[in-house]
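Enquirer: Would you mind keeping the following structure in view while I ask a few things?
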Amino acid sequence: MTEDAELLSRYAGERSEGAFAEFAGRHVDLIYSAALRLTNGDVAAAQDLSQQVFTEAARQAKHLSRHPAIVGWLYTTTRR
């Protein structure tokens, strides 16, 4: 199990806010930069999109902890 999967599993099982904060902190720059490109530099829209991606990740944490490519899921979710 990867470190990301472990963090999401802890969040899903224990509702560990610290685990989710660590997970999000590891990937927020990637997701925000992708969102910023997708929104043509609109900072507010990129922030909103990034927040939506991490909200969805929190909602699906139990399932996502078993995903074979968590970072890929985050990026794909951002693009959709």
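Enquirer: How many residues does the stretch 13-62 hold that are open to solvent by less than 70 Å² (accessible area, probe 1.4 Å) and either in contact (Cβ under 8 Å) with a residue 60 or more places away in the chain or not in a helix (DSSP H, G or I) (or both)?
Expert: 4
Enquirer: Are any residues in the stretch 68-80 open to solvent by 50 Å² or more (accessible area, probe 1.4 Å) and in contact with an Asp or Glu (Cβ under 9 Å, 6 or more places away or on another chain), and if so, which ones?
Expert: Matches in the stretch 68-80: Val71 only.
Enquirer: In the stretch 1-12, what residues are over 13 Å from the mean Cα position of the chain (by Cα) and surrounded by fewer than 18 Cβ atoms within 10 Å (Cβ to Cβ)? First the steps, then the outcome.
Expert: The first filter runs over the stretch 1-12 and keeps only residues over 13 Å from the mean Cα position of the chain (by Cα), leaving 1-3, 6, 9-10, 12.
Listed by number, the residues that qualify are Met1, Thr2, Glu3, Glu6.
Enquirer: From the list Asp29, Asp42, exactly one residue is more than 13 Å from the chain's Cα centre (by Cα) and at pLDDT 95 or above. Which is it? First the steps, then the outcome.
Expert: Numbers: Asp29 fails: more than 13 Å from the chain's Cα centre (by Cα).
When all the criteria are applied, what remains is Asp42.
The values are calculated or read from the model by the stated rules, or taken from the named source; none is laboratory data. All of these numbers come straight from a predicted model, not from anything done at the bench. Positions of Cβ are backbone-derived with ideal geometry, glycine not excepted, and every protein chain shown enters the neighbour counts. Only protein heavy atoms, including side chains, enter the accessible area calculation; ligands, DNA and RNA are left aside. Shrake-Rupley method; radii C 1.70, N 1.55, O 1.52, S 1.80 Å.
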